[in-house]
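The values are calculated or read from the model by the stated rules, or taken from the named source; none is laboratory data. What you are looking at is a predicted structure, and each value in this text was computed from that prediction instead of being measured. Note: ideal-geometry Cβ built from the backbone for every residue, glycine included; neighbour counts use all protein chains shown. Each accessible area value is taken on the protein alone, full model and side chains, heavy atoms only, with ligands, DNA and RNA left out. Shrake-Rupley method; radii C 1.70, N 1.55, O 1.52, S 1.80 Å.
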Amino acid sequence: MSSEFTYADVRPSAVPLTADDAVRIERAALAVARDHEGGSLHDAALLHAVELAAAALPAPVRRALISFRDKGNEGGCLLLTGLPVGTLPPTPDRSEDEPHWSRVPMATIAQLMVMSVLGRSISYSDEKSGRLVQDVCPKRGAERRQENSGSVLLELHTEDGFHPNPPHFLSLICLRADHEETAATVTGGIGDVLPLLDTETVEALRRPEFRTGFSSSFVQDGSTGVLTPPMPVLSGGDDCPDLRVDFHTTTATTAQARAALRRLEQAMLSSLRGLVLLPGDLIVLDNRRAVHGRSDFTPRYDGQDRWLRRSFVVTDLRPVSGHLGRGRRHNPVTPGRVRHPARTVAERVPERVPADAIGA
Ligand SMILES: O=C(O)CCC(=O)C(=O)O
Ligand SMILES: [Fe+2]
């Protein structure tokens with residue numbers, strides 16, 4: 001477990017939007033919001049209008065997104081700066097107070113416009129009420145949770161690595177920074193890290209000897225101990241493999257796998273890129289190629305705390321369409337909520353995982 005992150009600043013490599021760009025995006029986003037006033041963000045007509053409105057994004061931004069979508073990059077992240085966020089209500093500090101999207105229309109639609117260049121928006125009905133765009137802000141009483149509602153250091157993870165259909169890309173748009181501007185969002189890309197790993201480690205990471213725990217944000221009773229069947233951490237092409245791991249919940253089932261997981265985490269920790277997100281910043285994370293995490297910070301619960309909004313896309317809806325319910329929400333997969341036996345995606349582990357099976 002890491003206690004802090006050191007990272008190379010990604011702000012110098014950001015794709016900046018000018019003030020004129022921001023005005024054009026603002027107009028396009030508000031037009032969509034106006035046309036769909038009172039509607040659901042999950043409405044197909046609204047999502048199609050968002051895709052059309054994405055034509056208002058300037059060519060350099062679209063070019064950067066297209067290249068990131070098709071080729072990725074070493075660090076697995078792309079930063080845009082200068083997006084419009086509009087006038088904001090107070091930062092919510094309880095789930096019940098999270099505002100309807102129409103109270104933050106500009107940031108919400110601008111984020112979906114950006115994401116529509118990368119893929120098709122989806123959400124997960126197991127988590128955060130299946131909202132298509134979710135609030136990421138510190139919640140009272142959740143401080144120590146390994147979830148985005150916590151404020152302790154959030155360990156490196158690919159998003160939803162336990163899920164049969166995790167997002168291909170996710171984005172975080174910053175509406176408010178934390179008071180001290182110390183909460184750093186970091187990424188570790190497999191492109192940066194692969195050259196640091198020896199062949200034996202890579203081979204071990206490719207064997208199906210790792211089980212990842214379901215996030216407590218998915219398991220409704222908050223219980224832990226629901227693990228995937230054994231899976232590899234690395235899969236796919238030799239040059240740039242796909243990655244699936246959570247250094248908080250992934251456990252190795254053999255000694256060799258355990259050592260490989262530890263080496264991977266060390267290599268990731270020594271190659272991090274990141275930044276303290278500021279209002280108008282939007283970071284896109286390549287969820288097949290990078291882990292991400294966040295350093296700790298101190299919330300004040302004064303309505304001005306750190307506030308990001310998160311959204312997910314997959315590159316193609318058709319392979320997952322059989323799993324989607326109404327409005328692009330992925331059907332439940334957590335035990336107790338599935339209508340068919342849960343064993344197809346997860347096994348409930350009756351007793352604690354033996355200590356010697358837990359990775360670094
Ligand atoms: O708060 C952050 O910067 C990252 C949170 C996170 O990992 C997430 O929302 O998936
Ligand atoms: Fe995350």
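For segment 162-207, residues that are surrounded by fewer than 20 Cβ atoms within 10 Å (Cβ to Cβ) and touching a strand residue (DSSP E or B) at 6+ places or on another chain (Cβ under 7 Å) total 6.
In summary, strands (runs of 3 or more DSSP E) completely within segment 163-218 and bearing 1 or more residues that are closer than 21 Å to residue 261 by Cα and more than 16 Å from ligand 2 (Cβ to nearest atom) occur at 210-212.
Among the residues of segment 162-177, those identified as over 25 Å from residue 67 (Cβ atoms) and in contact with a Leu (Cβ under 9 Å, 6 or more places away or on another chain) are 162, 175, 176, 177. Residue count for segment 110-162 satisfying the condition of being within 14 Å of the chain's Cα centre (by Cα), of a type in the set (Gly, Ala, Ser) and assigned to a loop (DSSP other than H, G, I, E, B): 2.
Filtered by the rule that a residue be in contact with a Ser or Thr (Cβ under 9 Å, 6 or more places away or on another chain) and either hydroxyl-bearing (Ser, Thr, Tyr) or farther than 30 Å from residue 90 by Cβ (or both), segment 290-325 gives 290, 291, 295, 298, 301, 311, 314, 325. Can you name the residue in segment 131-161 that is under 11 Å from residue 312 (Cα atoms) and more than 12 Å from ligand 2 (Cβ to nearest atom) and, of all such residues, is most open to solvent (accessible area, probe 1.4 Å)? Only one residue tops the list, namely 131.
Residue pairs whose Cβ atoms lie under 6 Å apart, sitting 6 or more positions apart in sequence or on different chains, and linking a residue in segment 232-248 that is touching a residue at least 12 places away in the same chain (Cβ under 8 Å) and of a type in the set (Val, Ile, Thr) to a partner that is outside any loop (DSSP other than H, G, I, E, B) and open to solvent by less than 50 Å² (accessible area, probe 1.4 Å), are 233/205; 233/210.
Annotation note: of 267, 255, the sole residue that is more than 16 Å from ligand 2 (Cβ to nearest atom), without any contact (Cβ under 8 Å) to a residue 24 or more places away in the chain and more than 21 Å from residue 71 (Cα to Cα) is 255. In the set (1) open to solvent by 10 Å² or more (accessible area, probe 1.4 Å); (2) more than 21 Å from residue 331 (Cα to Cα); (3) among the small types (Gly, Ala, Ser); (4) in contact with a Lys or Arg (Cβ under 9 Å, 6 or more places away or on another chain), the condition left unmet by residue 116 is number (4).
Of the residues 141, 191, 130, 119, the single one that is without any contact (Cβ under 8 Å) to a residue 40 or more places away in the chain and more than 14 Å from ligand 1 (Cβ to nearest atom) is 141.
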